[in-house]
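Data block below; observations after.
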Amino acid sequence: KLPAENLVVSKEDLEGDPTDVIPTTDPDNHLKLNVGSHKIMFHHGWVNIDVEPLLDFARQNGYAFTQYDVMKHGLAINDNSVSLIYASHFLEHQTYEQGLVFMKECARVLRKESGLLRIAVPDADTLSSAYSDDVDLSEIMGPAPAGFPKEITKLKTYRFWSLLTDNHKSAYDEATLKTLGGLAG
């Protein structure tokens, strides 16, 4: 559940006219970055960026794609030039130190008056509450690895740990994201 001041925007809205979701006085020349896109890429003026070699997938589906390691090289973009950065399930795969470096890069390249950063991460607070309330997490984690003992995969500890740690190097809740964003500027 998002706080009341947050705007909920669908993928279709993000792919459409950015003036519908980005408050701006300059409706032209919007640069939109989908960082850590993997195969969840956007059309309509988005530049999808991932370290994985997804150029064939992008070409087959008509996406603008750049294979690039943002964590190694930063955002090779001019200061104050990006309208929108979208990073979904990217930040938790970085250490907190790397996350701060990434957020500082976002602050550097985003338009000062109208730039917008959208981040989606697993909510550690929600996951830990679900664990303590004994909520069944299996619906959101997908199938267990083939051949793995069902006696283990049905246990709530396995489900919780799998969701929280799936190659993740950090965990976030609202306070952690706000603090990181404040430190990054």
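No lab work stands behind these numbers, since they all come straight from the coordinates. What you see is a predicted model; the values in this text were computed from it and never measured. When we count neighbours, we look across all protein chains shown, and the Cβ atoms used for this are built from the backbone with ideal geometry, even at glycine.
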Open item on the list: Take residue 76 and residue 61, extend 7 Å from each Cα along the Cα→Cβ direction, and tell me the distance between the two endpoints in nm.
Closed with: 2.4 nm
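Does the stretch 33-72 come out rounded, prolate or oblate, given a ≥ b ≥ c as the square roots of the eigenvalues of its C-alpha gyration tensor, rounded meaning a/c under 1.5 and, failing that, prolate meaning a/b above b/c?
Oblate.
Return the subset of 72/169; 104/178; 112/169 for which the Cα-Cα distance in this structure is over 25 Å, preserving the input order. Write out the running numbers ahead of the final one.
On the way: 72/169 16 Å; 104/178 13 Å; 112/169 30 Å.
The answer is 112/169.
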Task: Simple spin-label estimate for residue 118 and residue 98 in nanometres, 7 Å along Cα-Cβ - done: 2.4 nm
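Which FRET efficiency, nearest 0.05, do residue 173 and residue 68 yield, Cβ-Cβ r, R0 35 Å? Please list the in-between numbers first.
Values: r = 29 Å, r/R0 = 0.83.
Step by step, r from the Cβ atoms, then E = 0.75.
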Task: Gyration tensor (alpha-carbon) shape descriptor, the stretch 37-128, a/c threshold 1.5 - done: oblate
Open item on the list: For the stretch 44-122, which GluC sites (Glu not before Pro) pass both filters: DSSP loop (anything but H, G, I, E, B) and at most 10 other C-beta atoms within 10 Å?
Closed with: 113
